[in-house]
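A.B. asks: Structure incoming, see below.
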Amino acid sequence: MHHRVRHAFPFRWAMRQSLRRMESASAEEITRYQERRLRALVRVAASRSSFYREWFAGSGVDPASIRTLADLPRLPLLDRSHLVHASDRFLVYPRKLMWVAHSGGTSGRVVTVHRTPGSSAFELSALQRQWSWFDVPHRPRSLLLRSNDPDPHRTGVLTRKVPGAGQLAVSSFRLSREQLPRLLEQIRAFDPQVVEGWPSSITILASLLRDRGERLPVTAVIVSSEVVTAEQLRLMREVFYGPVIDYYGQTERVAMAGNCEAGGYHEFPDYGIIELLPVEGRTDRWEIVGTPLHNWGFPLFRYRTGDEVGPSPTAPCPCGRAFRLLGRIDGRVEDTFTAANGQPLPLPHTVVKNLVGLREVQVAQLAPGRFEFRLVPTTGSDIAAAQQQALQNVDKYFGPHQTVTFRIMDHIPREPSGKLKAAIRLTNL
Ligand SMILES: [Zn+2]
């Protein structure tokens, strides 16, 4: 549904023009563009978002004094904890004009964010610009491999056409050797121009195809949400031939980056401002802090993504764009779970992403097909509703016949790194 609205958005043409202009802009022109939007967003936030109204009043900082990128650090850093509860404080427009989204990423703390239709349209336009570097058309026929189940209530259904979007969705947990011939027939009839989704899901399909000696040539493979390993890259190229387009973003939509046709990994500076915050105790790691420039209804400044990068390359990218180069983005690695029937289940944090109203949440794999949800409630948490939602999620994303248990806790144990993970595996499967 959202896709149709995004494609029809009235300012799309102007957005595309602006995005195209920025590609050949100089570093100075890019900075001027960022600062102009930053000033306007600060003005809106200071007068109309209750969080920033209170912050400016309490801090004594004059909103009009935030004028350049050098002034940005005078604004407070935000993190996930600001969006777990009462994220409405950041709203500038009435809720009903906004789209709502939830996610914990791989972190175990589910946030609620709001988006204007315009910012979603800009997001898609920014992606389409990146695709154009690889000769992918604006609306490619796309084979979509995430967790989307075509129809959880009918076992024989392998794929689903997404109306209006030109997508054929395949669920990760329906990728099996037995189903492959029938699945491949449906994929070939659809004739995809791109394969799009999670690297781990795409890799499952790629290895099934390779084992049968099949190839599925496409213009490009589009991946996001996870670190892509060298082995995954090799396999995707072997089976799908096309180049791999990788982009980075988050549910909070504060910053975006992606690779170019010359192999550089670039910030998309017209989408958001990226600051790199040194990671404590490390001299070679930085956290990505994003200030989005297009979501006028829900302004956020200096949001800590929790995602880390290594050192940026020093040589300019041969593609010639003035978009700053980023180091390798790490931190999005998750163990694959295993379903009751032995199927691999990539990115299992998907089953906790809409469990809102809890302080912390985690899903643990105890054995194949056996999962424990750990819930840390807070005042006003509706545990019964969260449990009901969790059961539905498992049915939808992991498939039927799984065993689910719940444990209510005061605190979920952290990883040795100190991080809370949304999904963990307790056994070697
Ligand atoms: Zn480049």
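The values are calculated or read from the model by the stated rules, or taken from the named source; none is laboratory data. Since the structure is predicted, the reported quantities are computational estimates derived from the model, not experimental observations. Cβ atoms come from the backbone with ideal geometry, glycine included; neighbour counts cover every protein chain shown.
A.B. asks: Quick one: would you say ASN341 is away from the ligand (no atom under 16 Å from the Cβ) and farther than 29 Å from ALA257 by Cα?
C.D. replies: Considered against the rule, which asks whether it is away from the ligand (no atom under 16 Å from the Cβ) and farther than 29 Å from ALA257 by Cα, ASN341 comes out as yes.
A.B. asks: Please go through the stretch 159-184 and pick out each residue that is touching a residue at least 40 places away in the same chain (Cβ under 8 Å), assigned to a helix (DSSP H, G or I) and not hydrophobic (A, V, I, L, M, F, W, C).
C.D. replies: Listed by number, the residues that qualify are SER172, ARG174.
A.B. asks: Residues of the stretch 185-242 being in contact with an Asp or Glu (Cβ under 9 Å, 6 or more places away or on another chain) and of a type in the set (D, E, K, R), which ones?
C.D. replies: ARG210, ARG215, GLU226 - these are the residues of the stretch 185-242 that are in contact with an Asp or Glu (Cβ under 9 Å, 6 or more places away or on another chain) and of a type in the set (D, E, K, R).
A.B. asks: Pull up the stretch 70-88, narrow it to residues that are of a type in the set (A, V, I, L, M) and in a helix (DSSP H, G or I), then point me to the one that is nearest to ARG32 (Cα to Cα).
C.D. replies: The extreme case among them is ALA70.
A.B. asks: Kindly indicate whether PRO163 is at pLDDT 85 or above and surrounded by fewer than 18 Cβ atoms within 10 Å (Cβ to Cβ).
C.D. replies: no
A.B. asks: Name every residue in the stretch 8-46 that is closer than 18 Å to ASP71 by Cβ and among the hydroxyl-bearing types (Ser, Thr, Tyr), in order of residue number.
C.D. replies: Across the stretch 8-46, the qualifying residues are THR31, TYR33.
A.B. asks: Kindly indicate whether any position in the stretch 132-142 is at pLDDT 95 or above, of a type in the set (Phe, Trp, Tyr), buried (at least 17 other Cβ atoms within 10 Å of the Cβ) and farther than 29 Å from TYR265 by Cβ.
C.D. replies: no
A.B. asks: Another question, if that's okay. For ARG67, are the conditions met, namely being in a loop (DSSP other than H, G, I, E, B) and over 22 Å from VAL356 (Cα atoms)?
C.D. replies: Judged against the criteria, ARG67 is a match.
A.B. asks: Let me ask something else about it. Go over the candidates LEU391, LEU325 one by one and state the one that is farther than 23 Å from HIS85 by Cβ, within 16 Å of the ligand (Cβ to nearest atom) and surrounded by 14 or more Cβ atoms within 10 Å (Cβ to Cβ).
C.D. replies: Result of the check over LEU391, LEU325: LEU325.
A.B. asks: Specify which of the listed residues (VAL194, VAL223) is away from the ligand (no atom under 16 Å from the Cβ) and modelled with pLDDT of 95 or more.
C.D. replies: VAL194
A.B. asks: Which one of the conditions (1) surrounded by 21 or more Cβ atoms within 10 Å (Cβ to Cβ); (2) away from the ligand (no atom under 16 Å from the Cβ) does GLU238 fail to meet, given that it meets all the rest?
C.D. replies: Only one criterion is unmet by GLU238, namely (1).
A.B. asks: Just one of VAL92, VAL61, VAL110 is surrounded by fewer than 20 Cβ atoms within 10 Å (Cβ to Cβ) and of a type in the set (Val, Ile, Thr); which is it?
C.D. replies: VAL61
A.B. asks: I'm checking my understanding of the structure. Among residues of the stretch 256-294 that are among the acidic types (Asp, Glu) and not in a loop (DSSP other than H, G, I, E, B), which one is farthest from the ligand (Cβ to nearest atom)?
C.D. replies: The residue in question is GLU287.
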